[in-house]
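**Q** There's a structure below that I have some questions on.
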Amino acid sequence: MADRPRLVALVLNWRLPTETLRVLEDLRALEQPGLHTLLIDNGSGDDSAQRLQVAAEFDPNTDCLVFERNLGYCAALNRGIAWAAERGAEFVLFLNNDVRIPAGSLSPLVDVLENDPAVGAVGPTIVDTDGRAWSQGGGVAFRPNLVYLRNQGGEPAPRTAGPEEVEFLPGACALFRLDSLQRAGGLDEDYFMYWEDVDLGHRLRAVGQKSVWLPWVSIVHDPSRSSGGGRSPLRKYMMGVNTVRYLRRYGTWSSWAAFLLFECLLWPLAFVSGTGVRGAMAKGRGIVAGLLGHRITAADVDRLQPRGEA
């Protein structure tokens with residue numbers, strides 16, 4: 001390894017090694033001082049581990065962790081956070097393997113954390129491949145799905161529109177102060193994947209740390225590839241389970257009322273919406289499973305997304 005890393009980028013891979021290695025090349029091209037990349041293969045069971053290990057072997061600024069089984073998004077990233085802490089890192093970057101990172105993207109994010117100790121997490125504008133906004137941070141509101149990504153589908157906000165404090169930052173691209181992450185307890189592994197970012201935003205606020213959206217940095221995201229797309233049965237099932245998990249911990253009368261109205265009473269409308277029959281059924285099964293106390297495991301992933309569909 002090179003000198004002690006100041007910033008560790010955690011790039012989680014599950015059966016998409018080509019995309020993961022593309023992100024690694026983007027990170028290398030940034031030439032960000034003190035940046036170290038940790039590639040994490042989360043029990044892919046294909047040739048991912050070998051390809052990532054080869055990419056890291058001769059690069060002093062890249063390492064690779066390989067897990068024999070799918071630990072889940074949260075548990076795998078928590079192992080990465082621990083790895084960064086053991087090496088004395090100051091910042092940790094969560095980065096999906098379905099993003100593209102333009103030159104100069106990291107320095108402004110680091111600057112925010114360096115200059116405001118009240119900020120524990122900062123994220124950029126994230127746009128879809130068509131240039132429209134995918135996220136400018138997120139929140140929870142009285143609406144379908146309860147959780148939302150700010151300005152999704154709209155024109156990206158001008159550079160003068162922020163920074164703004166937000167309820168949470170999606171893990172597609174978010175930079176955290178490592179100390180803040182540790183004080184908040186890291187990611188809650190009970191979620192496995194989905195809603196964990198909303199939960200983390202809540203716990204950061206509980207320890208007095210803000211999450212901030214920064215409008216003058218923009219990255220491109222092709223979302224949800226690892227779960228088969230935004231309307232896949234796997235994603236819908238996990239969202240159903242974890243919506244209930246979040247509400248049981250932090251739900252207000254308003255959020256429970258929204259859940260009852262939009263997710264339960266109006267659930268039949270999902271069959272005639274863009275969700276489709278398979279997605280609607282999966283969401284309904286997930287809600288029932290969540291109400292029964294189910295915790296998502298790798299077995300659910302294997303059942304809903306067999307190998308070869310990633």
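**Q** Exactly one condition in (1) free of Cβ contacts under 8 Å to residues at least 60 places away in the same chain; (2) surrounded by 15 or more Cβ atoms within 10 Å (Cβ to Cβ) is false for Asp130; which is it?
**A** Single failed check for Asp130: (2).
**Q** Suppose we filter Leu12, Leu38, Leu71, Leu21 for residues that are part of a loop (DSSP other than H, G, I, E, B) and hydrophobic (A, V, I, L, M, F, W, C); which single one remains?
**A** On the way: Leu12 fails: part of a loop (DSSP other than H, G, I, E, B); Leu38 fails: part of a loop (DSSP other than H, G, I, E, B); Leu21 fails: part of a loop (DSSP other than H, G, I, E, B).
Result of the check over Leu12, Leu38, Leu71, Leu21: Leu71.
Conditions tested, residue by residue: (1) at pLDDT 95 or above; (2) among the hydroxyl-bearing types (Ser, Thr, Tyr); (3) touching a Ser or Thr at 6+ places or on another chain (Cβ under 7 Å).
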position: Met1; (1), (2), (3): no, no, no
position: Val8; (1), (2), (3): yes, no, no
position: Pro17; (1), (2), (3): yes, no, yes
position: Glu25; (1), (2), (3): yes, no, no
position: Gln50; (1), (2), (3): yes, no, no
position: Asn61; (1), (2), (3): yes, no, yes
position: Asn70; (1), (2), (3): yes, no, no
position: Ala75; (1), (2), (3): yes, no, no
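**Q** Of the residues in region 1-20, how many are more than 14 Å from Leu65 (Cα to Cα) and touching a Leu at 6+ places or on another chain (Cβ under 8 Å)?
**A** Going through region 1-20 one residue at a time, the tally reaches 3.
**Q** Another one. Return a yes/no flag: does region 154-169 have any residue that is under 15 Å from the mean Cα position of the chain (by Cα), modelled with pLDDT of 95 or more, of a type outside the set (A, V, I, L, M) and buried (at least 22 other Cβ atoms within 10 Å of the Cβ).
**A** yes
**Q** Residues that are within 24 Å of Tyr194 (Cα to Cα), buried (at least 21 other Cβ atoms within 10 Å of the Cβ) and of a type in the set (D, E, K, R): does region 11-33 have at least one?
**A** yes
**Q** Look through Ser180, Ser211, Ser218 and report the one residue that is hydroxyl-bearing (Ser, Thr, Tyr) and under 30 Å from Leu261 (Cα atoms). If you could, list the steps in order and put the result at the bottom.
**A** On the way: Ser180 fails: under 30 Å from Leu261 (Cα atoms); Ser218 fails: under 30 Å from Leu261 (Cα atoms).
That would be Ser211, the only listed residue that is hydroxyl-bearing (Ser, Thr, Tyr) and under 30 Å from Leu261 (Cα atoms).
**Q** Continuing with this model, one more query. For region 6-13, does any single residue satisfy the condition of being free of Cβ contacts under 8 Å to residues at least 60 places away in the same chain and more than 18 Å from the chain's Cα centre (by Cα)? Even if it seems obvious, please write down each step before you answer.
**A** Filtering region 6-13 down to residues free of Cβ contacts under 8 Å to residues at least 60 places away in the same chain leaves none.
No, the conditions are met nowhere in region 6-13.
**Q** Which condition number does Gly45 fail, the rest of (1) modelled with pLDDT of 95 or more; (2) closer than 24 Å to Asn70 by Cβ being met?
**A** (1)
**Q** How many residues does region 77-122 hold that are of a type in the set (Asp, Glu) and either within 15 Å of Pro163 (Cα to Cα) or exposed (fewer than 15 other Cβ atoms within 10 Å of the Cβ) (or both)? Show your work before the answer.
**A** Initially, region 77-122 is screened for residues of a type in the set (Asp, Glu), giving 86, 90, 98, 111, 114, 116.
Then drop every residue that is not either within 15 Å of Pro163 (Cα to Cα) or exposed (fewer than 15 other Cβ atoms within 10 Å of the Cβ) (or both), which leaves 86, 111, 114, 116.
Total satisfying the criteria: 4.
**Q** Answer yes or no: is there a residue in region 95-118 that is in contact with a Phe, Trp or Tyr (Cβ under 8 Å, 6 or more places away or on another chain) and not in a helix (DSSP H, G or I). First the steps, then the outcome.
**A** Going through region 95-118, the residues in contact with a Phe, Trp or Tyr (Cβ under 8 Å, 6 or more places away or on another chain) turn out to be 108, 110, 113.
Still in the list and also not in a helix (DSSP H, G or I): none.
No - not one qualifying residue is present in region 95-118.
**Q** If you don't mind, another one. Could you run through region 133-157 and say how many residues are free of Cβ contacts under 8 Å to residues at least 24 places away in the same chain and either assigned to a strand (DSSP E or B) or touching an Asp or Glu at 6+ places or on another chain (Cβ under 8 Å) (or both)?
**A** Residues that pass the stated criteria total 2.
The values are calculated or read from the model by the stated rules, or taken from the named source; none is laboratory data. As the structure is a computational prediction, the values presented were derived from the model and not from experiment. Glycine gets a Cβ as well: all are built from the backbone with ideal geometry, and neighbour counts include every protein chain shown.
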